[in-house]
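Trainee: Structure below; questions to follow.
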Amino acid sequence: MPMNRQKNARNIARCLELAILLEASAHKPGNVSVVTNFEKTRYEHFLASAVAASSSFESAAKRGLAVSDGKIDIADVGVGRVIKGCVTDIDAWQHGGNTLLGTVILLSPMAVAVGMMKEEESFNVHTFRRNLKLVVESTTPEDAVKVYKAIKIANPSGLGKAPDLDINDPASIRRIRDEKVSLYKVFKIAEKYDTICSEWVHNYPVTFDLAFQSLNKRLQHDSDPSIAIVQTFLIVLSGVPDTFIARKTSPEKAREISLAAREIVELGGLETSDGKKRLAQFDQELSQSSNLLNPGTTADIIAAGLAVCVLAGYRP
């Protein structure tokens, strides 16, 4: 592979790493940030995780470049292997538990999809999204097996019991292989109760149509990117109940949290004194629940939206 194309892969990885760092730094309610830590998970754990993830994103981008060059078929990209490798590296580089599983699942196909764009092309959101659809729909049963193993390594809280192909069922991996169930099909089973899976199945609608649109507009006008990130976080949370909260508590509680976020958006969020006051109360309410009310899925979506912004040219 020519050196300039290798450089492209490195730049793609840097874009995704920057997106994670920007998301982690912003003081989003109920989440770890530069000013907020959980008992066992600190801001520094997210910094280490972002750095650790970068090499896997670069590998994924190179696989996309190989698809573009006709050297491999898209079904041979190995998105599941990328995700498992990324989670393994993150686990080795920090001791704060699961930090980025959802983000990695969203960003790994993105790295491939950008790599698939022709070298002479400028970044185009429509082409990128079309490539992304091809990547996730071309996944294989072995990709699913690798992601199951990645989830076991990350050991996220609130998994619960799935109605089919449950990750805690020892027979699931055998069934995936015997019945030839692709990763895309696995996520189709889970889409009703997991927004990350729903994003894969439906071509990232919340990421592109809500998070990216809001971030792209606000980052052009806000000198402080944290304001744009927090405002967008509230917008996404107000419109899409957080499935991480729903799994750990209940769907009803997740909807209640979304209604509270909507109230803050209507008050103006960080742009008004009333919005700031209510946001501070909201953050305290979420943080007093032993992390049960941590809107982690929403944070993953924001990271993905930021990734699109940075790939499209945004620089802080």
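The values are calculated or read from the model by the stated rules, or taken from the named source; none is laboratory data. All of these numbers come straight from a predicted model, not from anything done at the bench. Neighbour counts run over all protein chains shown; Cβ positions are idealised from the backbone, glycine included.
Trainee: May I ask you to list the residues in the stretch 226-239 that are closer than 13 Å to Ala303 by Cα and not small (Gly, Ala, Ser)?
Mentor: Ile229, Val230, Thr232, Phe233, Val236
Trainee: While we're on this one: Looking only at the stretch 172-193, filter to residues that are surrounded by fewer than 20 Cβ atoms within 10 Å (Cβ to Cβ) and not in a helix (DSSP H, G or I); which one of those is farthest from the chain's Cα centre (by Cα)?
Mentor: Residue satisfying both the conditions and the ranking: Glu179.
Trainee: Another question, then. From the list Thr272, Thr195, pick out the single residue that is among the polar types (S, T, N, Q) and in contact (Cβ under 8 Å) with a residue 60 or more places away in the chain.
Mentor: Details: Thr272 fails: in contact (Cβ under 8 Å) with a residue 60 or more places away in the chain.
Sole residue among the options that is among the polar types (S, T, N, Q) and in contact (Cβ under 8 Å) with a residue 60 or more places away in the chain: Thr195.
Trainee: If you go through the stretch 275-301 one residue at a time, how many are free of Cβ contacts under 8 Å to residues at least 12 places away in the same chain, in contact with a helix residue (DSSP H, G or I) (Cβ under 7 Å, 6 or more places away or on another chain) and either outside any helix (DSSP H, G or I) or surrounded by fewer than 18 Cβ atoms within 10 Å (Cβ to Cβ) (or both)?
Mentor: Adding up the residues that qualify gives 1.
Trainee: Sticking with this one: Report the residue count in the stretch 4-46 for those that are farther than 25 Å from Ala60 by Cα and aliphatic (A, V, I, L, M).
Mentor: So the count comes out to 4.
Trainee: For the list (1) part of a helix (DSSP H, G or I); (2) farther than 24 Å from Val230 by Cβ; (3) small (Gly, Ala, Ser), I need the number of the one condition that Ser49 fails.
Mentor: With respect to (1) part of a helix (DSSP H, G or I); (2) farther than 24 Å from Val230 by Cβ; (3) small (Gly, Ala, Ser), Ser49 is out only on (2).
Trainee: Still on this structure: Evaluate the following for Ala26: is it over 25 Å from Cys309 (Cβ atoms) and in contact (Cβ under 8 Å) with a residue 12 or more places away in the chain?
Mentor: Working: over 25 Å from Cys309 (Cβ atoms): no; in contact (Cβ under 8 Å) with a residue 12 or more places away in the chain: yes.
So Ala26 does not fit the description; no.
Trainee: In the stretch 198-232, how many are outside any helix (DSSP H, G or I), within 14 Å of the chain's Cα centre (by Cα) and either at pLDDT below 95 or surrounded by 19 or more Cβ atoms within 10 Å (Cβ to Cβ) (or both)? Please lay out each step first, then the result.
Mentor: Going residue by residue through the stretch 198-232, those that are outside any helix (DSSP H, G or I) are 202-204, 220-224.
Okay, now just the ones that are also within 14 Å of the chain's Cα centre (by Cα), so 203-204.
From what is left, the residues that are either at pLDDT below 95 or surrounded by 19 or more Cβ atoms within 10 Å (Cβ to Cβ) (or both) are 204.
Residues flagged as outside any helix (DSSP H, G or I), within 14 Å of the chain's Cα centre (by Cα) and either at pLDDT below 95 or surrounded by 19 or more Cβ atoms within 10 Å (Cβ to Cβ) (or both) within the stretch 198-232 amount to 1.
Trainee: Filtering the stretch 239-256 down to residues that are surrounded by 20 or more Cβ atoms within 10 Å (Cβ to Cβ), under 15 Å from Leu286 (Cβ atoms) and not hydrophobic (A, V, I, L, M, F, W, C), which residue is modelled with the lowest pLDDT?
Mentor: Of everything passing the filter in the stretch 239-256, Lys248 is modelled with the lowest pLDDT.
Trainee: Still on this structure: One residue is enough: does the stretch 108-115 have a residue meeting the conditions part of a helix (DSSP H, G or I), farther than 19 Å from Glu199 by Cβ and hydrophobic (A, V, I, L, M, F, W, C)? Walk me through how you get there before you give the answer.
Mentor: Step one: of the stretch 108-115, the residues part of a helix (DSSP H, G or I) are 108-115.
Pick out the ones that are also farther than 19 Å from Glu199 by Cβ and you get 115.
Next, only the ones that are hydrophobic (A, V, I, L, M, F, W, C) stay: none.
The answer is no, given that none of the residues of the stretch 108-115 is part of a helix (DSSP H, G or I), farther than 19 Å from Glu199 by Cβ and hydrophobic (A, V, I, L, M, F, W, C).
Trainee: Is there any pair with a first residue in the stretch 64-82 that is under 19 Å from Lys146 (Cα atoms) and a second that is surrounded by 19 or more Cβ atoms within 10 Å (Cβ to Cβ) and among the charged types (D, E, K, R) whose Cβ atoms are under 6 Å apart and which are 6 or more apart or on different chains, and what are they?
Mentor: Here the result reads Val77/Arg63; Val79/Asp143; Gly80/Asp143; Gly80/Lys146; Arg81/Lys146, each pair linking the stretch 64-82 to a residue that is surrounded by 19 or more Cβ atoms within 10 Å (Cβ to Cβ) and among the charged types (D, E, K, R).
Trainee: Sticking with this structure for a sec: Examine the stretch 84-104 for a residue that is at pLDDT 95 or above, within 21 Å of Phe208 (Cβ to Cβ) and β-branched (Val, Ile, Thr), and state whether such a residue exists.
Mentor: Yes: the stretch 84-104 contains one or more residues that are at pLDDT 95 or above, within 21 Å of Phe208 (Cβ to Cβ) and β-branched (Val, Ile, Thr).
Trainee: Being over 19 Å from the mean Cα position of the chain (by Cα), at pLDDT 95 or above and surrounded by fewer than 23 Cβ atoms within 10 Å (Cβ to Cβ) is true for just one of Ala52, Ala66, Ala48. Which residue is that? Working first, answer last.
Mentor: Values: Ala52 fails: over 19 Å from the mean Cα position of the chain (by Cα); Ala48 fails: over 19 Å from the mean Cα position of the chain (by Cα).
Residue meeting the stated conditions: Ala66.
Trainee: Taking the condition in a loop (DSSP other than H, G, I, E, B) and either within 19 Å of Gly64 (Cα to Cα) or not acidic (Asp, Glu) (or both), does Glu142 pass? Working first, answer last.
Mentor: Details: in a loop (DSSP other than H, G, I, E, B): no; either within 19 Å of Gly64 (Cα to Cα) or not acidic (Asp, Glu) (or both): yes.
When the stated conditions are applied, Glu142 does not pass them.
Yes/no matrix, rows are residues, columns are (1) of a type in the set (Asp, Glu); (2) without any contact (Cβ under 8 Å) to a residue 40 or more places away in the chain:
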position: Arg177; (1), (2): no, yes
position: Pro205; (1), (2): no, yes
position: Phe212; (1), (2): no, no
position: Ile229; (1), (2): no, no
position: Ser250; (1), (2): no, yes
position: Glu256; (1), (2): yes, yes
